[in-house]
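Visitor: My questions all concern the structure below.
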Amino acid sequence: MDKVVIHGGNRLAGQIKISGAKNAALPIFAATLLAPGVFEISDVPDLKDIRTISKLLEEFGAKVGKVGSSSYRIDSENVNHHEASYDLVKTMRASCLALGPLLARLGRAKVSLPGGCAIGERPIDQHLKGLQALGADVRLEHGYVDLRVNGRLTGSRVTLDIVTVTGVMNIMMAATLAEGRTVIENAAGEPEVVALADMLNSMGAEINGAGSSVITIDGVEELRSTSVRIIPDRIEAGTFMVASAITGGDVKVIGVVPEHGATLLEKLRDCGCRVTESENSIRVEGPDNIAPVNVTTSPFPGFPTDMQAQFMALMTLAGGASVITETIFENRFMHIGELRRMGADIKVSGNTAVVRGVAGLSGAELMATDLRASASLILAGLAANGRTSVSRVYHLDRGYEHIESKLAAIGADIRRERAT
């Protein structure tokens, strides 16, 4: 098992090219199940989850091949198997995104229930509610969800009880081949939802309203293969921008869509950073003194829950107290105990953390609990005095492409070691 070792105190400066977004790539890979043909997908990040979903598609009968460093060719002509094994699904919750496409194309989908995870329960009840409204017979047996439909799905009005990104994606994909119109209300408006809708429309779907709270899908008889470029990863970009802020650095992230991170940019300006935007880049110059800023996570375009842990690491060094409220996942404060071991002053009450800035953090032996917690501990280590070691960094490999080499290229003293 690997660990990441950081010797803190270096000021970061330079440019970082942002990778494609994992949270856009995974549903786009799943959408290739909807139609026979050859799909070309570019700007795909080199991540463990991408390798997992590739294996998943192959279980269903697709042929998946990597072309060069960041492109994939997926041949879905012979997709004829409707069941995903537990051994694959247990390693990646996004496997449930195969439900909608398989049900729409084959009339059946059987996928192991993903269960809970470190940051919360994250149930798929809203996925099933929507697919059932489209005519699916839903059976839950022996740890699997088994969906069936005779003939085509039927368009329907689906009002979601909560805003769910993957739930909207699953229902939207299934509805593309349903008979009639489907209207999804209380829909998530994240850029990744819009990216999936754009892909589906390029396949011949008729989707309107993606990015708003109401999405309308008029079902079509069939879809075709297409070529797709994955949008840049707004969370990776945000993580590197906070890395610049916490080290008093001067870092430009390139190959980004600035409006995807507008709320984070506002908070970075509030804490004293100088932020300069261009069409496809953002430059963040860290402040001499970090000002405390309050944050409440919420669905897009609000402050992303996936940036909460990283921003909290920044606030541990602010000149005063900040209040961070997590409204999306019930267990997303698991990084706090590790930050405290570095000298952070954080008190938690329910879903709210009060962070009182300290003069400095001290390097320590740390253990990551989830993907974004891993990133927050690395950010804290960049600013800490002395040596920080973060173990269980396999979480990092699920969401960050070569994060150590990217940070090292802009001045960080960071390396990956084999844990003993």
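The values are calculated or read from the model by the stated rules, or taken from the named source; none is laboratory data. Everything quoted here is computed from the prediction, not taken from an experiment. Counting neighbours? That spans all protein chains shown, and the Cβs are built from the backbone with ideal geometry, glycine included.
Visitor: Restricting to the range 176-201, and then to whatever is touching a Gly at 6+ places or on another chain (Cβ under 9 Å) and touching a residue at least 60 places away in the same chain (Cβ under 8 Å), can you tell me which residue is farthest from residue 25 (Cα to Cα)? Show your work before the answer.
Guide: Kept after step one, since they are touching a Gly at 6+ places or on another chain (Cβ under 9 Å), are these residues of the range 176-201: 176-184, 187-191, 193-194, 197.
Filter again for touching a residue at least 60 places away in the same chain (Cβ under 8 Å), leaving 176-178, 188-191.
Working: 176: 19, 177: 21, 178: 24, 188: 17, 189: 17, 190: 14, 191: 12 Å.
The residue in question is 178.
Visitor: Let me ask something else about it. Looking at the structure I just gave you, is residue 231 of a type in the set (A, V, I, L, M), under 30 Å from residue 406 (Cα atoms), touching a strand residue (DSSP E or B) at 6+ places or on another chain (Cβ under 8 Å) and surrounded by 16 or more Cβ atoms within 10 Å (Cβ to Cβ)? Working first, answer last.
Guide: On the way: of a type in the set (A, V, I, L, M): yes; under 30 Å from residue 406 (Cα atoms): yes; touching a strand residue (DSSP E or B) at 6+ places or on another chain (Cβ under 8 Å): yes; surrounded by 16 or more Cβ atoms within 10 Å (Cβ to Cβ): yes.
Yes.
Visitor: Within the range 368-420, which residues are outside any strand (DSSP E or B), modelled with pLDDT under 95 and among the polar types (S, T, N, Q)?
Guide: Matches in the range 368-420: 369, 374, 420.
Visitor: Would it be correct to say that residue 30 is touching a residue at least 60 places away in the same chain (Cβ under 8 Å), closer than 19 Å to residue 89 by Cβ and part of a helix (DSSP H, G or I)? Full working, then the answer.
Guide: Working: touching a residue at least 60 places away in the same chain (Cβ under 8 Å): yes; closer than 19 Å to residue 89 by Cβ: yes; part of a helix (DSSP H, G or I): yes.
Taking the combined requirement at face value, the residue satisfies it.
Visitor: Next question. Filter the range 205-222 for residues that are surrounded by fewer than 24 Cβ atoms within 10 Å (Cβ to Cβ) and touching a residue at least 60 places away in the same chain (Cβ under 8 Å) and give the result.
Guide: 218, 219, 222
Visitor: Check off (1) under 23 Å from residue 211 (Cα atoms); (2) within 18 Å of the chain's Cα centre (by Cα); (3) crowded, with 24+ Cβ neighbours inside 10 Å for residue 282 and give me the number that stays unchecked.
Guide: Only one criterion is unmet by residue 282, namely (2).
Visitor: Further, regarding this structure: Which condition does residue 334 not pass, out of (1) farther than 22 Å from residue 9 by Cβ; (2) out of contact with any helix residue (DSSP H, G or I) (no Cβ under 7 Å at 6 or more places or on another chain); (3) not β-branched (Val, Ile, Thr), if it passes all the others?
Guide: Here residue 334 clears every test but (2).
Quick grid of which residues meet (1) closer than 25 Å to residue 49 by Cα; (2) buried (at least 18 other Cβ atoms within 10 Å of the Cβ); (3) of a type in the set (Val, Ile, Thr); (4) not assigned by TED's automatic domain parsing to the domain that holds residue 272:
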{"site": "315", "(1), (2), (3), (4)": "no, yes, no, no"}
{"site": "325", "(1), (2), (3), (4)": "no, no, yes, no"}
{"site": "352", "(1), (2), (3), (4)": "no, no, yes, no"}
{"site": "360", "(1), (2), (3), (4)": "no, no, no, no"}
{"site": "369", "(1), (2), (3), (4)": "yes, yes, yes, no"}
{"site": "375", "(1), (2), (3), (4)": "yes, yes, no, no"}
{"site": "393", "(1), (2), (3), (4)": "yes, yes, yes, no"}
{"site": "400", "(1), (2), (3), (4)": "yes, yes, no, no"}
{"site": "408", "(1), (2), (3), (4)": "yes, no, no, no"}
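So that you can scan it fast, the table gives a plain yes or no per residue for (1) among the aromatic types (Phe, Trp, Tyr); (2) at positive phi; (3) touching a strand residue (DSSP E or B) at 6+ places or on another chain (Cβ under 7 Å); (4) outside the structural domain of residue 173 (by TED's automatic domain parsing):
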position	(1), (2), (3), (4)
208	no, no, yes, no
219	no, no, yes, no
238	no, no, no, yes
252	no, no, yes, yes
266	no, no, no, yes
288	no, no, no, yes
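Visitor: Return the pair list, or none, for Cβ contacts closer than 7 Å from residues in the range 80-91 that are assigned by TED's automatic domain parsing to the domain that holds residue 32 to residues that are in a loop (DSSP other than H, G, I, E, B) and aromatic (Phe, Trp, Tyr), at least 6 apart or on different chains.
Guide: 81/60
Visitor: To continue, here is another question. Can you pull out the residues in the range 306-353 that are modelled with pLDDT of 95 or more, among the polar types (S, T, N, Q) and part of a loop (DSSP other than H, G, I, E, B)?
Guide: 316
Visitor: Among the residues of the range 132-157 satisfying the criterion of being touching a helix residue (DSSP H, G or I) at 6+ places or on another chain (Cβ under 9 Å) and at pLDDT below 95, which is surrounded by the most Cβ atoms within 10 Å (Cβ to Cβ)?
Guide: Result: 145.
Visitor: Quickly run through the range 106-131 and pick out the residues that are at pLDDT 80 or above, over 23 Å from residue 51 (Cα atoms) and not in a loop (DSSP other than H, G, I, E, B).
Guide: Those that are at pLDDT 80 or above, over 23 Å from residue 51 (Cα atoms) and not in a loop (DSSP other than H, G, I, E, B): 106, 108, 125, 126, 127, 128, 129, 130, 131.
Visitor: Just to confirm my filter: which strands (runs of 3 or more DSSP E) fall fully inside the range 166-252 and include at least 1 residues that are touching a Leu at 6+ places or on another chain (Cβ under 8 Å)? Don't jump to the end; show me each part of the working.
Guide: Values: elements: 181-185, 206-208, 214-218, 227-229.
Here the list reads 181-185, 206-208.
Visitor: When only residues in the range 49-75 that are of a type in the set (Gly, Ala, Ser) and outside any strand (DSSP E or B) count, which is surrounded by the most Cβ atoms within 10 Å (Cβ to Cβ)? Talk me through it step by step, then tell me what you get.
Guide: Taking the range 49-75 first, the residues of a type in the set (Gly, Ala, Ser) are 54, 61-62, 65, 68-71.
From the residues that got through so far, the ones that are outside any strand (DSSP E or B) too are 54, 61-62, 68-70.
Details: 54: 17, 61: 16, 62: 22, 68: 8, 69: 7, 70: 16.
Ranking the qualifying residues of the range 49-75, first place goes to 62.
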